[in-house]
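Have a look at the structure below, then the notes.
Since every read-out is calculated from the coordinates, none of them should be taken as a lab result. Everything quoted here is computed from the prediction, not taken from an experiment. Counting neighbours? That spans all protein chains shown, and the Cβs are built from the backbone with ideal geometry, glycine included.
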Amino acid sequence: MIHYSDEAILEGLRLRSDYIINFTYREFFPLVKFLVAENGGSGEDAEDVFQDGIIILYTKISLNQLVLTSSFKTYMYSVCRNLWLQKLARRKAIFDKLTDVDDFIDLPKDLFQEANLEEAELHRIIQIHFLSMPKDCQKVLKLFIKNIPLREIAGIMGFKTENYAKTRKYLCKQELKKRIADDPRSQKNFKNEN
């Protein structure tokens, strides 16, 4: 099994490398899942916390605001630990002491500001709905996001005309927007933007 250095993980996350993202889930998610389970949470809670943690890390990395003062594992655990503590507090869960399952570091409070958490939640909702779209829509939207010209998109997708590629892109984009807007979890986020 391949192991990556902390620097390789950070660079891979910056580049959105599928290999690094899969490695990160495989290596670090079990630790977060155990933390959440030991402290009154479900598997779904653990997945939410881990995804929110990845989004926070990605945001910090892409803005060049992340400087590791510990191992990546400890930092990742610390981010997820703080996110879980916040979820417990929002649920008004009663607990005397969090049961830690690994080392952690104290992180700055601004890392977990409400805006960061709302943005992470919105990104998670967008990802969920994007992945639930038909595969051809996902592919069209990915090509569009990469600024591939419509003529090339038509060729890649096997569409007969550039106009049809444009129409498919529009319809897929509208469908994704509708799914997100109709999701009750995103209502709060969209109200704040308007």
Check: Per residue, how much space in cubic angstrom lies within the convex hull of the C-alpha atoms of the range 133-193?
Finding: 86
Next item on the list: Calculate, for residue 160 and residue 125, the FRET efficiency according to 1/(1 + (r/R0)^6) with r their C-beta to C-beta distance and R0 30 Å; round to the nearest 0.05.
Entry: 0.30
Margin query: Please compare each pair in 146/173; 60/178; 135/178; 87/177; 142/173 to a cut-off of 20 Å on the Cα-Cα distance and tell me which ones are over it.
Written below: 60/178; 87/177
Checklist line | Vicinal HN-Hα couplings computed from phi for the range 123-140 (Karplus, 6.51 cos²θ - 1.76 cosθ + 1.60; Hz; Gly/Pro x) | finding: 4, 5, 5, 4, 4, 4, 6, 4, 5, 8, 6, x, 4, 5, 5, 4, 5, 4
